[in-house]
Amino acid sequence: MKNDEITAANRVAWEEAAPLHREQNMPRLLERFRQPGYSCLDEIETSILNDIGVGGKSVAQLCCNNGRELISVRNMGADRCVGFDGSADFIAQAREIAAAASASNCEFECCDLYDIAPGFDASFDLVTVTIGVLGWMPDLAEFFAVADRLLKPGGTLFIYEQHPIMEMIEPGKQDEPVIWNYDYFDPTPNVDTEGLDYYGGSTYESKPLYWMIHKMSDVIMAALGNSFSLVHFEERPGHISNTWYNVEHQGPLLPMSYTLVFTKPS
Ligand SMILES: C[S@@+](CC[C@H](N)C(=O)[O-])C[C@H]1O[C@@H](n2cnc3c(N)ncnc32)[C@H](O)[C@@H]1O
């Protein structure tokens, strides 16, 4: 299967899931973002973004979903913010949340990550990638090339992701057994048709979704294939996704998440 066929199929599956997420999340998010300065970001992300410094910065988020994280960065003091996502419905949700937050400096673009228009090149001080993005990317080298071209010289790339070791385990509720099912060293796409209702918890026969395990060293080396320098890398025990609740409470601690910061030369 070609990479563009993977991303096109995934777009259909995300579009199918978007109304379910809307029903679960939008009333609560609209209410929260009407409060000036509201942020949905956790302490780890907030602390690293404070260290990087977002005040007055231009920020892009790759695969921004409903924009809640980017609007939170804007509420921390960022200037122009642009979120990119392939799902038209999620982009519509992002625009609704931005309107509720009176965040007129937040824009949302519906496009495939690999097709972001050259007009955005060298436009951003900070590019963010958070929670549940890299596993959908069939080509990591190209992914980081996009992040690189969007950044201004001297810019920063921040990644806060679930650890690829987690992808080896079947998703599970708190009391369900931990089932190791996928090879950490096999990057070929896996296909799933159990849907993406990770907020409501229902399963449905979904359009096919293709996801990949990119091992930690592949993520770092793919980023370093560009002009980036690595300035921060931390593997963490914290559970940041909406899956693997079984892992959190059972057995020895695993790295469930990680943070990475790269800088682009001035
Ligand atoms: C799990 S969400 C992660 C985003 C955000 N951190 C969140 O928690 O909502 C994944 C998002 O990636 C988007 N996505 C997946 N593949 C994409 C691609 N090739 N181009 C653009 N967006 C993509 C989906 O539409 C979805 O909104």
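The values are calculated or read from the model by the stated rules, or taken from the named source; none is laboratory data. All values derive from a computational prediction rather than experimental measurement. We place every Cβ from the backbone using ideal geometry, glycine too, and count neighbours over all the protein chains shown.
Tabulated values for the structure
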quantity: Residue in the stretch 86-103 that is closer than 25 Å to residue 231 by Cα, in contact with a Phe, Trp or Tyr (Cβ under 9 Å, 6 or more places away or on another chain) and either away from the ligand (no atom under 11 Å from the Cβ) or at pLDDT 95 or above (or both) present; calculated: no
quantity: Hey, residue 109 under 16 Å from the mean Cα position of the chain (by Cα), within 26 Å of residue 141 (Cα to Cα) and assigned to a helix (DSSP H, G or I) or not; calculated: no
quantity: Count of residues meeting criterion [in contact with a His (Cβ under 7 Å, 6 or more places away or on another chain) and not polar (S, T, N, Q)] in the stretch 230-266; calculated: 7
quantity: Any chance residue 126 is of a type outside the set (Val, Ile, Thr) and more than 9 Å from the ligand (Cβ to nearest atom); calculated: yes
quantity: Exclusive hit being away from the ligand (no atom under 15 Å from the Cβ) and in contact (Cβ under 8 Å) with a residue 60 or more places away in the chain, set 20, 30; calculated: 30
